[in-house]
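Each remark here refers to the structure printed beneath this line.
The values are calculated or read from the model by the stated rules, or taken from the named source; none is laboratory data. Keep in mind it's a predicted model, so treat the numbers as computed, not measured. A quick note on method: Cβ atoms are made from the backbone with ideal geometry, for glycine too, and the neighbour counts reach across all protein chains shown.
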Amino acid sequence: MSDDPAIGFLKADVARFCAGLDELAPAIRLRLLVQLRAALDEVTDAALDEGMAAAKAEGWGLRQIGGQVGLSHEKVRYRLAQSAGRGEPAGDPS
């Protein structure tokens, strides 16, 4: 998926964390997996919004940004407007 070795290391760390959950009761295991997913989504969504804002500031078009991140240009427009509307740096949670 990625040629960047840092991505491979992160993926391996997450896989080790998930493998360590195998012996837990299902309710605890599922709760921890949901929490992990939410934490990863929060961090990566914020970074994605910041990256899109940086690309827009450099003059990239919405379609160009969307092509790079796998979103429609309308979704890019919406996410950039949401970030700007909060008066925060793009992607920072309120």
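Points to keep in mind about this one:
- Filtered residue count, the range 3-44, keeping only those that are in a helix (DSSP H, G or I) and either of a type outside the set (D, E, K, R) or loosely packed, with under 10 Cβ neighbours inside 10 Å (or both): 27
- Any hit, the range 56-76, residues being touching a Leu at 6+ places or on another chain (Cβ under 7 Å) and free of Cβ contacts under 8 Å to residues at least 12 places away in the same chain: no
- Residue list for the range 69-94, filter: modelled with pLDDT of 95 or more, crowded, with 17+ Cβ neighbours inside 10 Å and either in a helix (DSSP H, G or I) or touching a Ser or Thr at 6+ places or on another chain (Cβ under 7 Å) (or both): Val76, Arg79, Leu80
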